[in-house]
Amino acid sequence: MSHSIESPPKTIMEAYQCLPEGTLAELIDNVIYMSPSPTSKHQIILNEINFHLIQYFKSTREGMTYIAPLDVYLDESSNAVQPDIIVILNPNQKIVNEEGHIHGVPDMLIEILSPGNKDHDLIRKKDLYERFKVKEYWIVDPDSKLTLGYVLSKDKYQLVHEEVGRFASQLIDFEFNF
């Protein structure tokens, strides 16, 4: 979607929304963070996980998976992210609007780490997703294939999974080895 700028943006969210389509950027607590394009290892892991999730949801019809770049507006003023993989279960599908943007909190988010940007996913985004009560948050290191799984419990993330080459959700009946 392209935006023409007729007057200067009044808010940081307006500035974010004026970025060109496909820009790898996120707005977290009123700060815009730019990212380089992903590596081939990143994309291979993303494709593997998403492929298996798509097959899972085709058979169970429990929800839908989406991949970056796709804006997820956790709120309408200061937080918009582009997680690598977004899982939205059927009862929560109302957060996907008619234009295909996501306005609300997805059920599960998966991030594949990028070199030089690991703290962004491991700390900043983990804290953000916890604050917005994303039920499950997964982080995958494409180099080591270490997979970390966090589940929201009493408004705090609990590390429930730490294993190399294996992804096993507690939210859905989904397990995948890579």
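Worth a mention:
- For the range 92-112 and the range 14-29, distance of Cα centres in Å: 17
- Take each peptide in 80-87, 96-103, count the other Cβ atoms within 10 Å of every residue, and average; sorted highest first, the result is 80-87, 96-103.
- Amide proton proximity set for residue 18, modelled H, under 5 Å, gap of 5+: none
- Annotation: amide H-H contacts under 5 Å for residue 160 (H modelled 1.01 Å from N, sequence separation of 5 or more, or interchain): 149, 150, 151.
- Shape of the range 99-140, Cα gyration tensor, a/c cut at 1.5: prolate
- Solvent exposure of the chain, expressed per residue, is 52 Å² of accessible area, with all protein chains present and a 1.4 angstrom probe.
- Taking amide H as placed 1.01 Å from N in the peptide plane, the amide H of residue 166 sits under 5 Å from that of 147, 178, each at least 5 places away or on another chain.
- Here the Karplus relation 6.51 cos²θ - 1.76 cosθ + 1.60, evaluated at θ = phi - 60°, turns the backbone of the range 98-113 into coupling constants of 4, 7, x, 8, 10, 10, x, 9, x, 7, 9, 10, 10, 10, 9, 5 Hz, with x for every Gly and Pro.
- Global form of the range 81-122, assessed from the alpha-carbon gyration tensor, a/c cut-off 1.5: prolate
- Full extension of the segment from residue 178 to residue 12, taken as 0.36 nm per residue of separation minus the current Cα-Cα distance, would add 55.8 nm.
- Exposure rank, largest accessible area first [126, 145; 1.4 Å]: 145, 126
- Against the criterion of solvent-accessible heavy-atom surface with a 1.4 angstrom probe, 33, 157 sort, most first, into 33, 157.
- P(r) of the range 46-178 over all Cα-Cα pairs, binned every 5 Å from zero, in whole percent: 2, 10, 22, 26, 22, 13, 5, 1
- Relative contact order of the range 1-63, taken over Cα pairs closer than 8 Å and 6 or more residues apart, is 20 percent.
- The lysine pair tally for the chain, using Cα distances under 24 Å and a gap of 8 or more places or different chains, is 29.
The values are calculated or read from the model by the stated rules, or taken from the named source; none is laboratory data. The model shown is predicted, which means the values in this text are computed figures rather than measured ones. Don't worry about glycine lacking a Cβ; one is built from the backbone with ideal geometry, like all the others, and counts go over all protein chains shown. With ligands, DNA and RNA removed, areas are computed over all heavy atoms of the protein, side chains included. Shrake-Rupley method; radii C 1.70, N 1.55, O 1.52, S 1.80 Å.
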